[in-house]
Amino acid sequence: MSLKLCNIPANKDNLESKLIGTIKCQFKLAGLVRTDTEAKRHIIEKRLGQRFKDINISCSTSRSPLLVNINKETEHVCFIVDMKIFYINESDNAELAAARWFAQIGRMIPKIILGSSTWAAEYVGLSTNIIPSYLFALEDALGLYETQKVSA
């Protein structure tokens, strides 16, 4: 299962949503042989979905393969919770607004997870993957790169 997060528009007339990127959170469980990994992932996704619903962010679950990594040295089984982030166009500069919203979600997820006593012990970290056009719009707005002159 994976979570699909989407902002809730103030204007219900414009419901076209576009994928901005993905956020993957990794969790670890003690022991090399676990039969409850799928159930743990489902519980975490369900509780994350409820937390997002509480802050007015729409989310739904979809089936995805369970990604498991076994670390024999530390005797842990790691699994990934995959979140697909969608944005509903509401503004003039949709790419910039979407990129900022993606960054906001990326900063919020660790705070939600680390605020839970049960998740904090199992949480390993997260990785984000934003679609390049949104990243370029954000970089342009922040002035993070310099334009180079091209000689003819």
Quiz item: Any idea how many residues of segment 52-66 are in contact with a strand residue (DSSP E or B) (Cβ under 9 Å, 6 or more places away or on another chain) and open to solvent by 80 Å² or more (accessible area, probe 1.4 Å)?
Solution: 3
Practice problem: Scan segment 22-33 for residues that are over 15 Å from the mean Cα position of the chain (by Cα) and open to solvent by less than 80 Å² (accessible area, probe 1.4 Å) and jot them down. | Solution: Lys28, Leu29, Ala30, Gly31, Leu32
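Given the structure, is Arg41 touching a residue at least 40 places away in the same chain (Cβ under 8 Å), within 15 Å of the chain's Cα centre (by Cα), open to solvent by 60 Å² or more (accessible area, probe 1.4 Å) and closer than 18 Å to Ile23 by Cβ?
On the way: touching a residue at least 40 places away in the same chain (Cβ under 8 Å): yes; within 15 Å of the chain's Cα centre (by Cα): yes; open to solvent by 60 Å² or more (accessible area, probe 1.4 Å): no; closer than 18 Å to Ile23 by Cβ: yes.
No, not satisfied.
The values are calculated or read from the model by the stated rules, or taken from the named source; none is laboratory data. The structure displayed is predicted, hence computed values, not measured ones. Using ideal geometry, Cβ is built from the backbone for each residue, glycine included, and neighbour counts are taken over all protein chains shown. Side chains included, ligands, DNA and RNA excluded: accessible areas come from the protein's heavy atoms. Shrake-Rupley method; radii C 1.70, N 1.55, O 1.52, S 1.80 Å.
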